[in-house]
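Reading through the structure tokens given below for one structure.
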Amino acid sequence: MTEAAQTREERATALKGLGTARKRVEDVRFTQGKGNYVDDIKLDGMLFGDFVRSPYAHAKVLSINTEAATALPGVVAVLTAADLEPLGLHWMPTLAGDKQMVLADGKVLFQGQEVAFVIAEDRYIAADAVELVEVEYEEQPVIVDPFKALEPDAPVLREDIRDQLEGAHGPRKHNNHIFTWEQGDKAATEAVLAGADVVAEEMVYYHRTHPCPLETCGCVASMDKVNGKLTLYGTFQAPHAVRTVASLISGIAEHNIRVISPDIGGGFGNKVGVYPGYICSVVASIVTGKPVKWVEDRIENLTSTAFARDYWMKGKIAATKDGKITGLWCHTTADHGAFDACADPTKFPAGFMNICTGSYDIPTAYLSVDGVYTNKAPGGVAYRCSFRVTEAAYFIERMIEVLAIKLGMDAAELRRINFIRADQFPYQSALGWEYDSGNYHAAWEKAMKAVDYEGLRAEQAKRLEDFKAGKTRKLMGIGLTHFTEIVGAGPVKNCDILGLGMFDSCEIRIHPTGSAIARLGTISQGQGHATTFAQILASEIGIPADDITVEEGDTDTAPYGLGTYGSRSTPVAGAATAMAGRKIRAKAQMIAAYLLEVHDDDVEFDVDRFVVKGAPERFKTMKEIAFASYNQAIPGVEPGLEAVSYYDPPNMTYPFGAYVCVVDVDVDTGVTDIRQFYALDDCGTRINPMIIEGQVHGGLTEALAIAMGQEMAYDEIGNVKTATLMDFFWPSPFETPNYQTDWTTTPSPHHPIGAKGVGESPNVGGVPCFSNAVHDAFRPFGLTQTNMPHDHWRVWKVAHDLGLHG
Amino acid sequence: MSKMHVKMTVNGKEVEALAEPRMLLIHFLREELNITGPHIGCETTHCGACTVDLDGKSVKACTVFVAQANGANVTTVEGLVNDDGSLSVLQEMFREHHGLQCGFCTPGMITRAHRLLQENPNPSEEEVRFGMSGNLCRCTGYQNIVKAILAAAAELNAAREAAQ
Ligand code: FES
Ligand code: FES
């Protein structure tokens with residue numbers, strides 16, 4: 001069929017734009033093993049770095065003897081803090097305004113901390129040399145409990161800031177205290193609590209866990225001494241930020257640094273931070289004049305790079321006797337480990353924890369967070385969530401359940417009574433956010449109907465009867481969750497990291513023959529940007545997605561952006577893409593009008609062309625316009641067809657969802673069987689339904705892991721008990737259920753295409769849903785709150801403590 | 001450390017090299033032969049990212065010394081593409097059903113699935129999940145991987161039937 005004979009619909013379909021389940025362009029490479037991940041990079045003469053790490057969680061370092069290691073054939077150098085000190089690089093700034101030792105400077109503060117960096121000709125020699133470095137330690141008292149850390153006579157962990165009363169986020173009240181962050185109205189909230197019909201109170205702990213992407217962190221640093229240029233390849237979720245930070249701390253001019261994020265094997269927040277391995281590799285490359293590769297192994301990844309969560313959230317929720325919530329109070333004790341290396345926007349030391357009023361119209365609320373140092377690894381990153389939103393969602397969704405128990409109410413009904421109504425948007429929350437859009441009641445009713453909620457409750461009641469009659473040893477739990485996320489950081493007026501505003505960018509070049517390249521400041525780690533950003537653009541500019549190359553991750557070519565985490569790519573860079581596309585379109589309109597010999601206002605965009613208004617047979621396709629932009633002298637119009645957009649979002653976006661989980665719990669073995677999981681997500685405009693569904697499956701599986709077994713556990717002297725995949729629970733295909741996905745669509749009113757972001761929603765909503773299901777199974781026996789993860793042992797213990805073992 | 005002479009067939013080609021006997025097969029493939037399809041996700045036999053086919057069995061190449069693979073016949077994901085360079089049915093089905101995201105687990109997944117379908121050409125969903133349980137993925141939640149493998153099995157079976 002010729003182009004002219006195609007119907008409008010056929011032309012639109014051919015673009016593979018918004019809403020198309022377009023197959024991913026990335027997969028042709030990945031399925032045949034042709035990805036290019038950091039460990040695949042091989043440069044001439046490349047050396048390998050490896051760390052000597054601390055076996056102790058807290059110790060003085062008395063001496064380091066590198067003689068035997070240095071003498072091993074093939075070892076090029078061994079770096080210690082003493083070598084980095086003259087360069088001022090033995091400490092580095094963290095993204096949270098704290099500083100962190102690059103290599104142990106007199107003491108170590110967590111097990112696995114970097115003590116010395118060995119550089120050798122291959123990774124085997126490096127590993128041998130690590131064994132030969134002799135370090136003499138003197139053990140110090142260890143603190144793994146953040147509450148103990150704040151006791152008056154607790155040992156001081158951070159000698160370097162002893163007695164400093166002012167931290168990066170205000171006053172410090174103890175040597176192991178980092179910050180206090182307060183939001184909302186304390187006095188008003190306390191007054192509401194004092195006068196309430198009902199107050200439910202609970203300590204909700206969200207345990208320490210780890211993003212643990214399948215690919216660990218790593219880099220290759222290559223200093224070209226001839227032209228003075230440093231190229232740094234690495235698993236970076238924010239390559240431009242890495243370039244700026246590298247320049248600031250190394251003193252190398254920013255134009256002489258090129259940062260490249262190649263293919264990344266999953267990130268989930270783990271690859272946002274700056275790690276000692278990067279600094280040491282850069283120094284090693286400068287010192288040796290050779291490229292240096294450092295790739296951590298799994299144990300190093302779990303024990304030393306960014307963990308997530310570890311929030312102790314004490315909550316009080318007030319309500320009238322018929323269930324209308326009147327106030328929410330929360331105090332969080334946040335265990336940040338040895339250095340405050342959270343990756344939150346500067347003004348938000350506890351991230352967006354103040355989204356903890358969730359999906360509910362709560363008129364009065366107060367939140368305070370104390371950040372605390374302990375002898376654990378630094379971090380506190382947004383693991384598959386926008387900054388601390390998972391913690392907030394878990395907190396409120398547990399508190400709702402606890403309140404339902406106190407009120408003797410059905411938890412679905414309690415939610416229904418308290419949802420923010422559709423007519424209340426934009427909604428101003430008591431803790432300072434303006435929710436952009438939502439229709440929670442509609443989503444909730446759709447979910448309740450899809451799972452036959454009433455039927456499930458009836459089945460559960462029958463099961464309970466059978467259990468009490470001795471006919472079964474399995475209880476049934478129904479987990480509910482309605483979450484609201486806050487993603488897309490963020491407006492430059494209140495969101496920055498290290499002073500860099502959190503806008504994002506897109507640059508588009510249309511080629512003469514009508515195909516295009518788009519470059520962005522973000523970087524995919526599996527989200528399929530090369531596929532979806534081309535779809536946004538296809539709909540905006542009428543060039544088929546298949547004819548658009550999307551490129552990210554090379555700071556020499558991509559426009560500046562803050563990278564990919566916190567579900568910010570679609571809300572921010574996706575918006576930049578649409579806006580840049582509209583600039584292209586505006587120019588194309590002028591060119592079309594000129595070619596059609598009519599006024600600019602007399603042509604309009606139609607799928608893949610501009611048509612003369614009222615005369616659709618007179619048109620110029622985008623392909624023709626592109627060519628004309630290169631070969632025609634058009635008065636008042638510059639040649640070429642290119643645009644760049646830096647997008648500063650006016651607000652965050654607020655995706656939401658309604659989830660239901662049905663679980664069978666064997667009280668004798670503690671084994672839980674997820675029978676059903678229904679996930680309804682509303683992420684605004686849907687770009688690629690296939691990719692959305694994939695993101696939901698993946699996020700739910702990480703939620704399953706976290707809720708049911710995955711944790712970073714420490715013993716009392718700070719040994720990591722879950723340092724390998726033997727102990728760190730990662731569900732296999734056999735342990736993972738099938739999920740039912742569903743959606744509603746409530747576009748964001750301020751986003752150019754109405755999209756909100758989805759990658760993290762299932763993790764945010766999934767964890768409370770799995771956890772609520774386990775809690776719900778035991779509700780008839782008086783359980784109000786038990787800590788995750790709900791592994792078999794802990795579930796068995798709950799049953800045991802409730803007297804269910806006779 | 002002294003090196004030994006190793007010889008094996010990798011993706012149908014004879015290779016010979018000197019290597020330390022303690023070198024792991026995964027490092028030998030990736031660093032000596034530049035076959036970087038198989039990845040390293042744990043080095044402790046848990047994740048399956050390094051899965052290769054060794055003499056007709058799925059093995060985790062991070063737990064095999066190169067000395068043990070001497071004389072063996074090794075296939076990696078690179079060796080599974082069709083002779084004309086196009087994607088195999090399994091590879092195509094992974095793409096079709098969105099069975100991958102970051103792609104890091106994918107070479108191991110596909111290599112294992114390839115062997116699974118030789119061991120059991122007509123598996124149930126349960127059998128696929130069990131047969132793949134040595135391969136971990138952090139991104140996909142497996143649902144689409146399972147779908148992809150079942151679809152590949154159906155297509156391969158149909159092709160076999162048609163050929164008979
Ligand atoms: S790297 Fe071999 S199983 Fe994980
Ligand atoms: S696709 Fe990322 S680990 Fe499987």
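The values are calculated or read from the model by the stated rules, or taken from the named source; none is laboratory data. Owing to the predicted nature of the structure, the values given are computational and were not obtained by experimental measurement. Because the Cβ atoms are built from the backbone with ideal geometry, glycine has one as well, and the counts that use them run over all protein chains shown. In case anyone asks, the SASA skips ligands and DNA or RNA and just uses the protein heavy atoms, side chains included. Shrake-Rupley method; radii C 1.70, N 1.55, O 1.52, S 1.80 Å.
Annotations for the structure displayed:
- Sparsely packed loop sites in the stretch A:522-623 (the trypsin sites (Lys or Arg not before Pro) outside DSSP H, G, I, E and B with at most 15 other Cβ atoms within 10 Å) comprise A:K613.
- Applying 1/(1 + (r/R0)^6) with R0 = 45 Å to the Cβ-Cβ distance of A:A188 and A:F781 gives a FRET efficiency near 0.75.
- Exposed loop positions in chain A were taken to be GluC sites (Glu not before Pro) whose DSSP state is not H, G, I, E or B and which have at most 16 other beta-carbon atoms within 10 angstrom. Between these positions, the longest stretch is A:122-596.
- Residue with peak Gaussian network fluctuation, chain B [Cα springs, cutoff 10 Å], from B:K60, B:K13, B:K147: B:K13
- Panel note: contact residues of the stretch A:499-546 (accessible area lowered by at least 30 Å² against the chain on its own; 1.4 Å probe) correspond to A:G526.
- Within the stretch B:4-78, the proportion of C-alpha pairs whose separation exceeds 15 Å stands at 46%.
- Chain pair B, A: total accessible area buried, heavy atoms, 1.4 Å probe, Å²: 4700
- In the protein assembly as shown, helices alone account for a calculated mean residue ellipticity at 222 nm of -8500 deg cm²/dmol, with every DSSP H run of four or more residues adding -39,500 (n - 2.57).
- Model label points for B:K3 and A:A461, set 7 angstrom from Cα along the Cα-to-Cβ axis, are 7.6 nm apart.
- Partner lysines for A:K225 [C-alpha distance under 24 Å; skip if fewer than 8 residues away on the same chain]: A:K42, A:K290, A:K293
- Once the C-beta distance of A:K324 and A:D801 is scaled by a Förster radius of 45 Å, the resulting FRET efficiency is 0.85 to the nearest 0.05.
- For the stretch B:89-163, the relative contact order is 49 percent, taking Cα pairs closer than 8 Å that sit 6 or more residues apart in sequence and dividing their mean separation by the residue count.
- Counting DSSP beta bridges with both ends in the stretch B:4-78, the antiparallel % (nearest 5): 90
- Note on chain A: antiparallel DSSP beta bridges, both residues inside, total approximately 80 percent of the bridges counted.
- At an R0 of 30 angstrom, the distance between the Cβ atoms of A:K42 and A:V644 translates into a FRET efficiency of 0.30.
- Across the cross-link table entries A:K148/A:K406; A:K107/A:K376; A:K449/A:K474; A:K23/A:K620, which are compared at the Cα atoms, the separations over 21 Å belong to A:K148/A:K406; A:K449/A:K474; A:K23/A:K620.
- The charge dipole of the stretch A:673-806, taken about its Cα centre with unit charges on the Cβ atoms of Lys, Arg (+1), Asp and Glu (-1) only, comes to about 220 debye.
- Candidates B:T140, B:T106, B:T51, ranked by Gaussian network fluctuation over chain B, Cα under 10 Å, top entry: B:T140
- Debye intensity ratio I(q)/I(0), log10, the stretch B:89-163, q values 0.19, 0.20, 0.27 Å⁻¹ (C-alpha model): -0.68, -0.75, -1.37
- Whole-Hz Karplus values for the stretch A:749-765 come out as x, 9, 8, x, 10, x, 7, 10, x, 9, x, 9, 3, x, 6, 5, x Hz, taken residue by residue from phi with 6.51 cos²θ - 1.76 cosθ + 1.60 and θ = phi - 60°; glycine and proline positions read x.
- Averaged per residue, the protein assembly as shown has 34 square angstrom of accessible surface, using a 1.4 angstrom probe with ligands and nucleic acids left out.
- Relative contact order, whole percent, for chain A stands at 15, derived from Cα pairs under 8 Å and 6 or more residues apart.
- Surface share of carbon and sulfur [accessible, 1.4 angstrom probe, percent] for the stretch B:4-78: 51
- Extended-chain gain in nm, criterion 0.36 nm per residue less alpha-carbon gap, A:E454 and A:N738: 100.0 nm
- Mean shadow area of the protein assembly as shown, taken as a quarter of the surface of its Cα convex hull (nm²): 43.2
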